[in-house]
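Below: the structure, in structure tokens.
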Amino acid sequence: WHAMDWDTAAEMLTPSSPAVTTWTLLGTADAGTNAPHVKLWRGEVTTGGANNVTFNGENGDSQTGIIAIVANDDGADGAVATNTGSGTNHVANAVTPGTDDALLLAYSCCAANSGYTTPGTMVEEADTGVFALLESVLASQALTAAGSTGTRTFTGNDATFASISIALKGAVQEPVLEQYWEASAWNTNTTPKTIANVNVLAGEILLVAAIS
């Protein structure tokens, strides 16, 4: 997940990594100019090992990045929903995976950094921020029923937010979130931003999100 809190979502470009040949943009949640935007990208790992993953965004903007590494994915893009709003309840919209053993990942970011409370049915996987300017959080849940997941609500600072939900199906068995990587404090005049030595196996899926 790639997030940014300034300028526009159009300035958040496709990530890059020696591990992935092709990236697919799954969703964009855009709260507007000079407000939080987040993009979610998907890439299948073709080269395993310790690889850098680079986020490409605007110089000088506050940005965060979270990478989720998923195994046993069925190869499809998954069911995706986006949302934006303001207040203390940061809602990740419902998705319908069509299977009773999907993996639900919900992500939210906001224009503040004072701590997130994760929805009660979910496990917080990552929470990273940039000073008082920007915070992003990722949570997961192994689903046990088909049909709509319903919304998931993060409690955060009274601020503008952007969120993305995704539910992934398994190929032979249910998908598994194996690990995550996160980076923040990217409000510097250098671009691109890189998370180094991300350990992956060929055939795994990288879900890369950033906000700005």
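The values are calculated or read from the model by the stated rules, or taken from the named source; none is laboratory data. This is a predicted model, so every value here is computed, not measured. Counting neighbours? That spans all protein chains shown, and the Cβs are built from the backbone with ideal geometry, glycine included. Just so you know, the surface numbers come from the protein's heavy atoms only, side chains and all, with ligands and any DNA or RNA stripped out. Shrake-Rupley method; radii C 1.70, N 1.55, O 1.52, S 1.80 Å.
Quick look at the values:
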item	result
Some residue of the range 40-50 being open to solvent by 50 Å² or more (accessible area, probe 1.4 Å), in contact with a strand residue (DSSP E or B) (Cβ under 9 Å, 6 or more places away or on another chain), over 20 Å from Ala159 (Cβ atoms) and among the β-branched types (Val, Ile, Thr)	yes
The range 23-38 - residue that is of a type in the set (Val, Ile, Thr) and open to solvent by 30 Å² or more (accessible area, probe 1.4 Å) and, of those, nearest to Cys109 (Cα to Cα)	Thr28
Selection within the range 101-116 - small (Gly, Ala, Ser) and open to solvent by 30 Å² or more (accessible area, probe 1.4 Å)	Ala111, Ser114, Gly115
Single match in Thr8, Thr22 (criterion: hydroxyl-bearing (Ser, Thr, Tyr) and modelled with pLDDT of 85 or more)	Thr22
For Asn189: the one exception among (1) modelled with pLDDT of 60 or more; (2) under 23 Å from Val53 (Cα atoms)	(1)
Residue, surrounded by the most Cβ atoms within 10 Å (Cβ to Cβ), within the range 78-100, restricted to residues that are assigned to a strand (DSSP E or B) and in contact with a Lys or Arg (Cβ under 8 Å, 6 or more places away or on another chain)	Ala92
Neighbours by Cβ (under 6 Å, 6+ apart or cross-chain): first from the range 1-22, open to solvent by 60 Å² or more (accessible area, probe 1.4 Å); second modelled with pLDDT of 80 or more and polar (S, T, N, Q)	Trp6/Asn34; Pro18/Thr47; Pro18/Asn51; Thr21/Thr46
Residue list for the range 117-156, restricted to those being over 26 Å from Asp73 (Cβ atoms), without any contact (Cβ under 8 Å) to a residue 60 or more places away in the chain and either of a type in the set (A, V, I, L, M, F, W, C) or crowded, with 23+ Cβ neighbours inside 10 Å (or both)	Ala132
